[in-house]
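Just below is one structure, and these are the notes that go with it.
The values are calculated or read from the model by the stated rules, or taken from the named source; none is laboratory data. Treat the numbers as computed from the prediction; the structure is a model and nothing was measured. Cβ coordinates were reconstructed from backbone atoms using ideal geometry, including for glycine residues, and neighbour counts include every protein chain displayed. Note: areas computed on protein heavy atoms with side chains; ligands, DNA, RNA excluded. Shrake-Rupley method; radii C 1.70, N 1.55, O 1.52, S 1.80 Å.
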Amino acid sequence: MNADQRKTLAQLLPNALPESALIVPRGNLPEQLLAEIEPADTVKLLVAGQKGMGKTTELRRLVDLLLAEERFVPVFLQFGSQETITEAGLLYAMAGALYGDERAKLGADDIAPIQHWFEDEEVSTVLEEGSEGKAGLGGNLYVLEAGTRITRKRGKRVQRKRAVVKNKRDLLKHFNDLITKARKKTKKRVVFIVDDIDKVQNDSSIESTFIHAAHLIGEIDCPCVFTVPITYATSNYVRMGGLPYNELYRMPAVALFGEDGTRNEGEFQFMRAVFERRMPFNPLSAPLLDRVLEYSGGVLVDAMRLLRNISKAVILEPTLQINEALVDREFQKMVDDYRYVFDKRELWEKLHLYCETNDKSVFMTDNLMLELLHKVVIIEYREAKMWFDLHPAARRCYEQNAAAIRRLVEPK
Amino acid sequence: MNSSLNADRTLGDLLFELEDATEPKFLIAVSDDPIQTEDLQNRIVRSQQAQSKRVVNFTASTLQSNLLNHLHRVSQFGTVHAIQITDLSAEPQRLKQVFAQLNFHRDALSRLKVPLVIWVSTSALQALINVAPDFWSRRGAVYYFTTTPIEQLLLKMFSSGSHPGSTDGDRTVSQALESILSSEAKLRECLKNHKFRLREADQLISRIKNGIDCLVAACKRHKEIEIALWLWNISNLDRNLQRWLDTLEPESKNFYESLYADRNEVLVDMATHVPRLLASYSEEFDRGIQSNEIVSLASLFTEAAIGKLNEMARDLSAAAHLDLEEVAGVLGESPYEDSEDLTTSIFREAAADELEHWLTGDTKRRPKIFTPSEGEVLRALYAADGNIQALARKFHLTNSQAANISSRLEEKVRLFLGAVVLPVPKLR
């Protein structure tokens, strides 16, 4: 394997974090977000999309745009894999990220009130512990460690409820004061971009924070962008419930074809450009590359996987004929994966329904829509409006097994 | 099961991935044969050992808790070149715990920069996809050493005794109304809880909106009268009108019984307003979500119907020089009162009389609720004593078609007579 081949395989790994040089601007989401942020001091924006659509990449582009403007201090933090989220935890993480960003020019004194807020909670608990004579930390509480890391302590339940020393409004006030200090010291506006909220394991805790305590989030005194679960994008309540979010932006798949089946050459050019940068070793001709992109359905991570497997096949067998059969062989592996994605009867029935009716509008009101989106059985696209379609691999899985599926779904 | 040659080729591909031990890869190996699985795992270990590389195996029971700590501990010094996670065909609960941790720690596992090979059976693979969808989306490759025929997978799912799948298909007006009314009540309860689950609220909102869409579609099929009849029955307007009549002196009562005839006029009038009512409901419903005040479709209808009845009663009162306030007051009450079922109702009795007189030919005046063609069928059914075959012969239908028409008309007749009530929750 030569260096280009090795680099290609490395850069096409789904886990690989792209360097800036590999990023191809996709659409104008960062520009749209910037347009919302510029005129409004306290705008709150949500971003939602299926896995592997490039949300994080585009948000990093937003950070670069904000930095280029020289009027902003963008603070990017990835919430990452957390079990739960709370309003206090979120504010503390954001405060920590702002304090930790040198551009904010904040000192230890500036963040002290927020630290004290959490310390005071613990002090009151210790007092109670003393009066009870044994360890009795109740529930979870956030403990300050050196630096800005949050940890949680879990303790035995106590019979008595611990009196709360400070309420969240006080914390919010301290947080907003911190933002004001950063603004004064830097003469720039602070903007938070909080990624991966949608990756928090306990989704009811996300709801507690972003739905039930939305008023608190709404009162943060600077623009914020949060990535949220795909549920929020399709939620009637989020749309209608008067929550303090100005807009919810969606990160759809690349619409290589329009809803009416028309080829979008511009989108093909975008995807070709993405992989041109990632594949110093590219064994495929332009038509074969396009075939791969079609098979991916515009899902970037799936295109990466297909191209990596094809490149690997050619590296392992240099005399391999590089033709449609090779591309189809690798696509078949993706199709085979989908057999196991459909793990219950209802999903097979839905697949049958969609493939037989070929009516794209049925997805919108389907009761299993969320599960189908999570499993990337259906893919979200957006042109003038939002629409959905089956993943090409899911559709091929049906086509190859239509007779067997029909026999079971439509028993005589 | 995969042939030996295919298995070797697949293994070769997997070994290639392990050549570069500094890249984070999630590799999934699928095998249902425990002997084959063990053999393949050992071959991997030996192959790496031959290149002075070290592979560490972990079982699911070891990783059940603190998966990340275990994997981090072995990989932190760069002396391990691959990690295999084995024995994932164990009990479902243990599987779930391991998969949940794989999902949860996927970012941290990427940073370990060591290839991870997860060995699963085909059934465990489905569990992995379900429990660890984010981990699954980051898979580098899946290596199938066992392939299960699709028929086998399908049979397993379809023979599990679950109910045949139902599609939305054509929903009747009553089903749509039942869905709307029950969802309204549940949504009110749901939103009272300040920690309500978003998914529950969304499902209920969806049901209401789907129900409204169904009714709008029914209007396009000229089912406005059916909708109005159902809402009239749901709102217990006959009962309330009867209660109002019972409060009157006999002379006034006799006078106002003539409102019965106007009751049918009101129904027909309300039917023409159903599309507008549904549009108005949709707008008010959307506004109500913001203020946590869920509007009731039945209440909107009742308000409109009572408004119309009051208007007619006012006209009658003026003509008869009766006290208007007495009339309007009772009719203005909400129909959703808890009360005993009203067994006698002048309106229902009059409806029954009117229908029978017309069916027997005593009168030529067809109740306006029924279209001319419905009237023909009803008369034919009456004459044939409900005989479906006779009906089919008369109208050149199949028995099945005749039965469907008969069933639909029967429901409409029952609605007209006030003999049908949806199981709706009481609002007061």
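One table, with the values for the structure above:
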item	result
Residue in the range A:317-351 that is nearest to the other protein chains (Cβ to nearest Cβ), counting only those that are open to solvent by 60 Å² or more (accessible area, probe 1.4 Å) and within 17 Å of A:Tyr295 (Cβ to Cβ)	A:Lys333
B:Thr10 vs. criteria in a helix (DSSP H, G or I), within 14 Å of another protein chain (Cβ to nearest Cβ) and surrounded by 14 or more Cβ atoms within 10 Å (Cβ to Cβ)	yes
B:Ala127 being among the small types (Gly, Ala, Ser) and closer than 14 Å to B:His72 by Cβ	no
Every residue from the range A:75-104 that is within 18 Å of the chain's Cα centre (by Cα), open to solvent by less than 10 Å² (accessible area, probe 1.4 Å) and more than 14 Å from chain B (Cβ to nearest Cβ)	A:Val75, A:Leu90, A:Met94
Hits in the range A:256-294 (condition: open to solvent by less than 30 Å² (accessible area, probe 1.4 Å) and part of a helix (DSSP H, G or I))	A:Phe268, A:Phe270, A:Met271, A:Val274, A:Phe275, A:Arg278, A:Leu288, A:Leu289, A:Asp290, A:Val292, A:Leu293
Qualifying residue in the range B:68-90 (condition: closer than 30 Å to A:Met53 by Cβ, within 12 Å of chain A (Cβ to nearest Cβ) and either open to solvent by less than 70 Å² (accessible area, probe 1.4 Å) or not basic (Lys, Arg) (or both))	yes
Residue within the range A:310-331 that is of a type outside the set (Asp, Glu) and touching a strand residue (DSSP E or B) at 6+ places or on another chain (Cβ under 9 Å) present	yes
Helices (runs of 4 or more DSSP H) enclosed by the range B:289-392 - at least 3 residues per element that are modelled with pLDDT under 80, touching a strand residue (DSSP E or B) at 6+ places or on another chain (Cβ under 8 Å) and closer than 16 Å to B:Asn240 by Cα	none
Qualifying position, being of a type in the set (D, E, K, R), in a helix (DSSP H, G or I) and open to solvent by less than 20 Å² (accessible area, probe 1.4 Å), among B:Asp286, B:Asp238	B:Asp238
Within the range A:215-229, tally of residues that are surrounded by 20 or more Cβ atoms within 10 Å (Cβ to Cβ) and either in a loop (DSSP other than H, G, I, E, B) or within 11 Å of chain B (Cβ to nearest Cβ) (or both)	5
Residue match in the range B:50-65 (condition: under 22 Å from B:Arg94 (Cβ atoms) and within 14 Å of another protein chain (Cβ to nearest Cβ))	yes
Residues that are at pLDDT 90 or above, within 7 Å of another protein chain (Cβ to nearest Cβ) and open to solvent by less than 20 Å² (accessible area, probe 1.4 Å), drawn from the range B:140-174	B:Gly140, B:Ala141
Residue satisfying all of: in the range B:14-34; open to solvent by 30 Å² or more (accessible area, probe 1.4 Å) and either hydrophobic (A, V, I, L, M, F, W, C) or in a helix (DSSP H, G or I) (or both); modelled with the lowest pLDDT among these	B:Pro34
Candidate set: the range A:355-364, residues that are under 27 Å from the mean Cα position of the chain (by Cα) and more than 10 Å from chain B (Cβ to nearest Cβ); chosen: the one least open to solvent (accessible area, probe 1.4 Å)	A:Phe363
Criterion violated by B:Lys53 - all others in (1) more than 18 Å from B:Ala132 (Cα to Cα); (2) in contact (Cβ under 8 Å) with a residue 60 or more places away in the chain satisfied	(2)
Scan of the range B:87-139 for residues that are among the basic types (Lys, Arg) and in contact with a Ser or Thr (Cβ under 8 Å, 6 or more places away or on another chain), ordered by number	B:Arg94, B:Arg106, B:Lys113, B:Arg138
Flag for A:Ala313 being touching a residue at least 12 places away in the same chain (Cβ under 8 Å), in contact with a Ser or Thr (Cβ under 6 Å, 6 or more places away or on another chain), within 26 Å of B:Thr147 (Cα to Cα) and open to solvent by less than 40 Å² (accessible area, probe 1.4 Å)	no
Every residue from the range B:289-311 that is over 21 Å from B:Trp230 (Cα atoms), open to solvent by 50 Å² or more (accessible area, probe 1.4 Å) and in contact (Cβ under 8 Å) with a residue 12 or more places away in the chain	B:Asn292
Test result for B:Asp262, open to solvent by 20 Å² or more (accessible area, probe 1.4 Å), at pLDDT below 90, assigned to a helix (DSSP H, G or I) and closer than 19 Å to B:Leu297 by Cβ	no
Qualifying positions in the range A:1-59 - open to solvent by less than 40 Å² (accessible area, probe 1.4 Å), assigned to a loop (DSSP other than H, G, I, E, B), among the hydrophobic types (A, V, I, L, M, F, W, C) and in contact (Cβ under 8 Å) with a residue 24 or more places away in the chain	A:Leu12, A:Leu13, A:Ile23, A:Val24, A:Ala40, A:Val43, A:Met53
Hits in the range A:184-204 (condition: under 28 Å from the mean Cα position of the chain (by Cα) and free of Cβ contacts under 8 Å to residues at least 40 places away in the same chain)	A:Asp203, A:Ser204
B:Leu231 vs. criteria more than 13 Å from chain A (Cβ to nearest Cβ) and open to solvent by less than 20 Å² (accessible area, probe 1.4 Å)	yes
